[in-house]
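Bear in mind that the values in this text are calculations on the coordinates, not laboratory data. Owing to the predicted nature of the structure, the values given are computational and were not obtained by experimental measurement. Neighbour counts run over all protein chains shown; Cβ positions are idealised from the backbone, glycine included.
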Amino acid sequence: MRTLATKQHILENAGYVYHIDREIYFNRKAKKVFSMDFVEDHEEEEIEQSIRHETDGTKWRFYFNSEPADPVKRALEFMLG
């Protein structure tokens with residue numbers, strides 16, 4: 001398994017920014033959010049595949065170990081714009 005630092009480097013190279021208070025990586029252009037737990041618990045290849053996964057860009061895509069509750073999604077969507 002790769003180190004956490006390697007996984008974080010992959011996200012940062014893809015344009016993701018870390019939000020320390022929420023413990024998430026996000027990319028406004030891609031409209032994707034990765035929880036730190038997801039990053040820690042999944043292999044590098046799965047993270048890279050999730051980064052490459054195409055979306056229509058109209059709704060945020062959340063990569064969490066378990067689906068976040070709707071109020072959490074709405075709060076993150078509001079915060080991220």
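Listed values, structure above:
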| read-out | value |
| --- | --- |
| Residue range of the chain that is longest and free of trypsin sites (Lys or Arg not before Pro) which are both DSSP loop and sparsely packed (at most 10 other C-beta within 10 Å) | 30-58 |
| Test item: Cα-centred dipole of the chain, Lys/Arg +1 and Asp/Glu -1 on Cβ, debye | 460 debye |
| Lysine-lysine proximity count for the chain, Cα under 15 Å, sequence distance 8 or more or distinct chains | 6 |
| Answer label, with mean projected area of the Cα convex hull in nm² calculated from the coordinates and candidates [x] 6.2; [y] 7.6; [z] 5.0 | [z] |
| Relative contact order (percent, whole number), the chain, Cα cutoff 8 Å, 6+ residue spacing | 28 percent |
